[in-house]
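The values are calculated or read from the model by the stated rules, or taken from the named source; none is laboratory data. Please read all numbers here as calculations on a predicted model, not as lab measurements. Here the Cβ is made from the backbone with ideal geometry for all residues, glycine too, and neighbour counts use every protein chain on show. Protein only, heavy atoms only, side chains kept; ligands, DNA and RNA dropped before computing areas. Shrake-Rupley method; radii C 1.70, N 1.55, O 1.52, S 1.80 Å.
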Amino acid sequence: MSNEGNIEITRRAALGEISRRVAAVTAAPLLLKNGQEKKLGWAIVGLGGLTLGEILPGFKECKFSRVTALVSGDPSKAKRVADQYNVKRIYNYDNFDTLKNDPDVDIVYIVLPNGMHAEYTIRALKAGKHVLCEKPMANTVQECQQMIATAKAANRKLMIAYRCQYEPYNMAAIELCKSGALGNLKEVISDHGFSIGDPRQWRLNRKLAGGGSLMDIGIYSLNAARYLTGEEPVSVSAMSYTTPNDPRFKEVEETVNFMLRFPSGCLANCTSSYGYEGTNRIRVVGDKGFLDMEPATSYRGIRLRYSANGKYEEKKFETGSQFALEMDALSQNVLNASTPRTPGEEGLADMKWITAIYESVRSGRTLKS
Ligand code: NAD
């Protein structure tokens, strides 16, 4: 088999990452030295569906974060939203870099089409701000590397918005897998898909989206296989299908199925589609038990059932906004000078495997790390 994928991710890095995650799960809440509750100021870039539907409403649940600025190319929309959330500062894409003079903005959240993530993340970091960037991190591995290098040079934090790694059900699933309660992990099945609508939207434009369903929704299948096993894959093989003459899929793929092999011997079967009705489920099977999540990664209503030690049980947690949890996590990282649980390197790791998956589809070969 070829080594064309050249995926430079080590098992040691994966294990280091999972211990950081577990430490974060079990740590007591981090407090400021003077015991005061300080809320950091956030600028939200892009006033689209995710910002209006989830992120801005999420601030009311935040303990360490408040929205202090909006960035938009549409002044009247920006004014309307700013009034609604009592936000005093509005920026646009031309004066974006003047954010550097705004002491009320500590963190910039990039919620733009994927193809714009690298540019605006880099500009925000150069303006001296910490950055939370939506998934997928960028369109290419090279862009991800540039974003990480810029954060390092600017001595600012860069976190990728993998909200599922901050919400209680997926964190409990990680713990179940890690605890040995399921025995040795043998199989992960991770399916994510939905039927995409308007053919004119940016998600179906190669330059703005970087690819099709894999970049947008299949990344959940991939990221979950990595965080549930706590391992980095050693090889991948993939197949794709796109309905001929479907006006939605002129530039990007519809469906990708991929298989990952992990060093422990665990295999993952993952799917990603824009072509069929909502699929959102994960199953992990070990030699002593299994867990099922369905829905697994939705904003609300996640369920986790599992069979371990001869018992079949369901976990129940109080839940709220996953976006509040992830925004507060980065605010705490900034306040306490700690490293985000999902730093730029996490986004880069996914992007390397996404690149390998596309290469496997193209070549018909299995790619090894
Ligand atoms: P959207 O289409 O609803 O919003 C995109 C925003 O970008 C709009 O306000 C639009 O005006 C603005 N924009 C600026 N320049 C643009 C351009 N050239 N073309 C198109 N739009 C432009 O998209 P969304 O669903 O809010 O997604 C934004 C980002 O958030 C994407 O990276 C997506 O992957 C990510 N996302 C993440 C989650 C999650 O659960 N973490 C969920 C949805 C979206």
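Per-residue answers, yes or no, for (1) touching a residue at least 12 places away in the same chain (Cβ under 8 Å); (2) among the small types (G, A, S); (3) farther than 30 Å from L40 by Cβ; (4) surrounded by fewer than 24 Cβ atoms within 10 Å (Cβ to Cβ):
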residue	(1), (2), (3), (4)
A329	yes, yes, no, yes
N336	yes, no, no, yes
P343	yes, no, no, yes
K352	yes, no, yes, yes
Y358	yes, no, yes, yes
G364	no, yes, yes, yes
K368	yes, no, yes, yes
Given (1) polar (S, T, N, Q); (2) closer than 18 Å to C164 by Cα; (3) touching a Gly at 6+ places or on another chain (Cβ under 6 Å), number of the condition Q332 does not satisfy: (3)
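Tell me, please, whether a residue that is open to solvent by 40 Å² or more (accessible area, probe 1.4 Å) and either closer than 24 Å to L204 by Cβ or in a helix (DSSP H, G or I) (or both) can be found in region 32-43. I'd like the intermediate steps shown before the answer.
Quick first cut of region 32-43, residues open to solvent by 40 Å² or more (accessible area, probe 1.4 Å) only: 33-39.
If we keep only those that are either closer than 24 Å to L204 by Cβ or in a helix (DSSP H, G or I) (or both) as well, we get none.
No, region 32-43 contains no residue that is open to solvent by 40 Å² or more (accessible area, probe 1.4 Å) and either closer than 24 Å to L204 by Cβ or in a helix (DSSP H, G or I) (or both).
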Reported set for region 267-281 where residues are touching a Phe, Trp or Tyr at 6+ places or on another chain (Cβ under 9 Å) and at pLDDT 95 or above is A268, N269, C270, T271, S272, S273, Y274, G275, T279, N280
Answer residue from region 59-92, given it is within 11 Å of the ligand (Cβ to nearest atom) and in contact with a helix residue (DSSP H, G or I) (Cβ under 8 Å, 6 or more places away or on another chain) and is nearest to R300 (Cα to Cα) among those: V81
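Within region 227-249, can you find the residues that are within 16 Å of the ligand (Cβ to nearest atom) and either open to solvent by less than 20 Å² (accessible area, probe 1.4 Å) or at pLDDT below 95 (or both)? Give the steps one after another, and end with the answer.
So in region 227-249, the residues within 16 Å of the ligand (Cβ to nearest atom) come out as 227, 248.
Y227 - this is the single residue of region 227-249 that is within 16 Å of the ligand (Cβ to nearest atom) and either open to solvent by less than 20 Å² (accessible area, probe 1.4 Å) or at pLDDT below 95 (or both).
With respect to G210, determine if the residue is open to solvent by less than 20 Å² (accessible area, probe 1.4 Å) and within 12 Å of the ligand (Cβ to nearest atom). Spell out how you get there, then give the answer.
Working: open to solvent by less than 20 Å² (accessible area, probe 1.4 Å): yes; within 12 Å of the ligand (Cβ to nearest atom): yes.
For G210, the condition - open to solvent by less than 20 Å² (accessible area, probe 1.4 Å) and within 12 Å of the ligand (Cβ to nearest atom) - is met.
Looking at M116, M137, which one is over 13 Å from W42 (Cα atoms), buried (at least 22 other Cβ atoms within 10 Å of the Cβ) and not hydroxyl-bearing (S, T, Y)?
Working: M116 fails: buried (at least 22 other Cβ atoms within 10 Å of the Cβ).
M137 is the lone residue from the list that is over 13 Å from W42 (Cα atoms), buried (at least 22 other Cβ atoms within 10 Å of the Cβ) and not hydroxyl-bearing (S, T, Y).
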Any residue in region 41-53 that's in contact (Cβ under 8 Å) with a residue 60 or more places away in the chain: show its pairings with residues that are open to solvent by less than 10 Å² (accessible area, probe 1.4 Å) and among the aromatic types (F, W, Y) at Cβ separation under 8 Å, as long as the two are six or more apart or on different chains. W42/Y109; A43/Y109; I44/Y109; V45/F96; V45/Y109
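Report those strands (runs of 3 or more DSSP E) wholly inside region 290-369 carrying at least 3 residues which are of a type in the set (G, A, S) and modelled with pLDDT under 95.
Numbers: elements: 290-293, 304-308, 311-315.
So the answer is none; nothing clears 3.
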Would you mind stating whether G48 is of a type in the set (G, A, S), touching a Phe, Trp or Tyr at 6+ places or on another chain (Cβ under 6 Å) and either open to solvent by 40 Å² or more (accessible area, probe 1.4 Å) or at pLDDT 95 or above (or both)? no
